[in-house]
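S.K.: Let me give you the structure first, and then I'll get to my questions.
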Amino acid sequence: MRLTGFRAGNRLRKAMLSRLVHALRFTSGATARAAAAILVLVLPSCSSSYPNPFENSSQMTPPPATAKIVFTANTYATQKGGGLDIFAMEDTGANVTRLTFCNTADRRCDYLEAIPGTDRARQAVRRLLDSNGDGKVTSADGESLRIVDLNRAVEGELVAGNAHVSGADWSPGEEILYYSAAASATDDDLFQITANGQSNQNLTSTASQRERRPRFNLGGTALAFERVDANGRGQIWIATSLGLRALTPAAPAGEALANTPYVVGAEADPVFSPDSKFVLYRQLVATGNGGLGQWSFMTIRTDVTSATPTVLLSGGGAYRGAADWNATGIIFVETVSGSGPQLVLVDASGGARKVLMTAGAGFEVAYPRWLK
C-alpha cells in the first residue's frame, strides 16, 4: 500500500509510513484498502478549509539567543487557574522569558504545548480557546494545531479544535507535521499535514485504537508513538524502514485514571535518545496524586529484538509528564500532590538531578521541549 503526499526524494520515510499504515490497519482487524482510498482528509473532526497560515496577530516575542528550553505555564499570574502561555529559559533555569501573551484581562486561552522546529521563532502549538463562549477553557472547546511566528507576532490554524489534537512533531528536514487527533469519540489516528495546511491526511484509520503522541528520532528514520487499545492499555510502537512493531511488552490493564485514556500499566509519550538507540517513555504505576496519577520513566533499546524495559526514574508518588531528550539531558515536569510542579533536568542515567524551576501549588507547568 502506498501513501500519497510524501516528498518523492524521501524514499526511506515513504517506505516506513507505507508499512505503518498497512501494519496498523492489519493488526486492528480493519479491511485492507487500495492506495486510492488514502485521500486528503475531509472529515468533520478536522478543518477542510485552509486559511492564511499567518493571521490573528497578538503580542509575542522570540526566544532569547541564550534560551535552550520552551515550555508552557501560567506562572505569569498572581493567582492559580490562569491560562497557559509559552515561555523559554536557559538550561540552567535562568532568564525565564514569556513568549506569548494570549491571556489578558479580556481573553482566556491555553497554549497547551509548543513544538519547536529548526526555526526557533516559528513553532507549532496545540492551543485551546474559549470557542463555545462559556467563559471557560476546557477540552470541550477543542485542541487545535497552529503555527506561531514569534518574530512576526502572528499565528494561523492548521487543524481546527474539533479534531482534539493530542500531540505533534515535525518531520526532520521537512515542512510537514505528524500529529494525533480524534477520528471518532473512541479513536485517535496519526495524521500528516504540510505547514501551509494544503495537504492533510489520515495515515492509520484504525478502529477502536488510539494512536497518539508521535515523535521522530533526530534523523527522521524512525517514528515512535503510543497505541492505546479499547481497554485503555497503552503500548509503545515504533515504525522504521524495516516495518512496524510493538517496542514494549503489553502490560496487564489496571485501574483507569479518570479523565484520561489511560489505565494503570499504560505506557505513554515516547521520545528517542539522541543516538536513537533508546526510547524513553512514561508508565502509569498508580492512580491518585490529585488526579494526575503516579508515573515512572522507563527506557528500552531500539536496536535489539525483545528488549527488556529498564526503570529510569520511579517512586515518590510523583506525576512525571512527557519528557524531551537531547545531548544535554532529559527534561520533564514532576508534581507531587500538595506541591507545585517542578521543571527537572537529569542526565541519561536519571542522575545529576537539577530543578530548573519550581512553581507554586496549583499553578501549571507543562511540556518542556529542547529548542533546536
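S.K.: Is there any pair with a first residue in the range 356-372 that is without any contact (Cβ under 8 Å) to a residue 40 or more places away in the chain and a second that is surrounded by fewer than 20 Cβ atoms within 10 Å (Cβ to Cβ) and assigned to a loop (DSSP other than H, G, I, E, B) whose Cβ atoms are under 9 Å apart and which are 6 or more apart or on different chains, and what are they?
M.R.: Thr358/Ser339; Thr358/Gly340
S.K.: For the condition at pLDDT 95 or above, under 26 Å from Pro116 (Cα atoms) and either among the acidic types (Asp, Glu) or in contact with a Gly (Cβ under 6 Å, 6 or more places away or on another chain) (or both), what is the one hit in Ala327, Ala352, Ala322, Ala359?
M.R.: The match here is Ala359.
S.K.: Please work out if Leu312 is over 19 Å from Gly93 (Cβ atoms) and buried (at least 21 other Cβ atoms within 10 Å of the Cβ). First the steps, then the outcome.
M.R.: Working: over 19 Å from Gly93 (Cβ atoms): yes; buried (at least 21 other Cβ atoms within 10 Å of the Cβ): yes.
Here the answer is yes, as Leu312 does meet what is asked.
S.K.: When the residues of the range 67-118 are filtered to those that are part of a strand (DSSP E or B) and among the small types (Gly, Ala, Ser), which remaining residue is nearest to the chain's Cα centre (by Cα)?
M.R.: Here the answer is Ala114.
S.K.: With the range 208-310 as the region, which strands (runs of 3 or more DSSP E) entirely inside it contain at least 3 residues that are over 25 Å from Ser184 (Cβ atoms) and in contact (Cβ under 8 Å) with a residue 12 or more places away in the chain?
M.R.: Correct list: 278-286, 294-301.
S.K.: While we're looking at this one, here's another question. So, in the range 312-329, how many residues would count as being more than 17 Å from Phe216 (Cβ to Cβ) and either in a strand (DSSP E or B) or of a type outside the set (S, T, N, Q) (or both)?
M.R.: The total comes to 10.
S.K.: Something else about it: I'm checking my understanding of the structure. Among residues of the range 186-207 that are under 16 Å from the mean Cα position of the chain (by Cα) and in contact (Cβ under 8 Å) with a residue 24 or more places away in the chain, which one is farthest from Leu257 (Cα to Cα)? Let's see the steps before the verdict.
M.R.: Taking the range 186-207 as the starting set, the residues that turn out to be under 16 Å from the mean Cα position of the chain (by Cα) are 188-193.
When the remaining residues are screened for being in contact (Cβ under 8 Å) with a residue 24 or more places away in the chain, the result is 188, 190-193.
On the way: Asp188: 18, Leu190: 23, Phe191: 26, Gln192: 29, Ile193: 31 Å.
Among those residues, the one meeting the criterion is Ile193.
S.K.: I need every pair where a residue in the range 91-110 that is modelled with pLDDT under 95 has its Cβ under 6 Å from the Cβ of a residue that is in a loop (DSSP other than H, G, I, E, B) and surrounded by 19 or more Cβ atoms within 10 Å (Cβ to Cβ), sequence separation at least 6 or different chains.
M.R.: Partner pairs satisfying both residue conditions: Asn103/Gly83; Arg108/Gly83; Arg108/Val137; Cys109/Gly83; Cys109/Cys102; Asp110/Gly83; Asp110/Leu84; Asp110/Val137.
S.K.: Among Asp275, Asp229, which is the only one that is closer than 24 Å to Thr206 by Cβ, of a type in the set (D, E, K, R) and surrounded by fewer than 19 Cβ atoms within 10 Å (Cβ to Cβ)?
M.R.: Every option except Asp229 fails the conditions.
S.K.: Could you check the range 119-177 and list, in sequence order, the residues that are within 14 Å of Thr194 (Cα to Cα), touching a residue at least 40 places away in the same chain (Cβ under 8 Å) and in a loop (DSSP other than H, G, I, E, B)?
M.R.: Result: Ser171, Pro172, Gly173, Glu174.
S.K.: Then there is this: Filter the range 362-372 for residues that are at positive phi, part of a loop (DSSP other than H, G, I, E, B) and at pLDDT 95 or above and give the result.
M.R.: none
S.K.: In the set Ala182, Ala224, which member is closer than 20 Å to Val271 by Cα, aliphatic (A, V, I, L, M) and modelled with pLDDT of 90 or more?
M.R.: Just one listed residue meets the conditions, Ala224.
S.K.: Can you name every residue in the range 92-133 that is crowded, with 16+ Cβ neighbours inside 10 Å, among the hydroxyl-bearing types (Ser, Thr, Tyr) and over 19 Å from Glu157 (Cβ atoms)?
M.R.: Within the range 92-133, Thr97 is the sole residue that qualifies.
A quick yes/no check of all residues on (1) out of contact with any Asp or Glu (no Cβ under 6 Å at 6 or more places or on another chain); (2) within 23 Å of Arg212 (Cα to Cα); (3) assigned to a loop (DSSP other than H, G, I, E, B):
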{"residue": "Phe332", "(1), (2), (3)": "yes, yes, no"}
{"residue": "Gly338", "(1), (2), (3)": "yes, no, yes"}
{"residue": "Val344", "(1), (2), (3)": "no, no, no"}
{"residue": "Leu356", "(1), (2), (3)": "yes, no, no"}
{"residue": "Gly360", "(1), (2), (3)": "yes, no, yes"}
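S.K.: Take the range 181-196 and flag every residue that is over 18 Å from Asn162 (Cβ atoms) and not in a strand (DSSP E or B).
M.R.: Result: Ala195, Asn196.
The values are calculated or read from the model by the stated rules, or taken from the named source; none is laboratory data. None of the values given here were measured: they were computed from a predicted structure. Ideal geometry is used to build each Cβ from the backbone, glycine not excepted, and the neighbour counts take in all protein chains shown.
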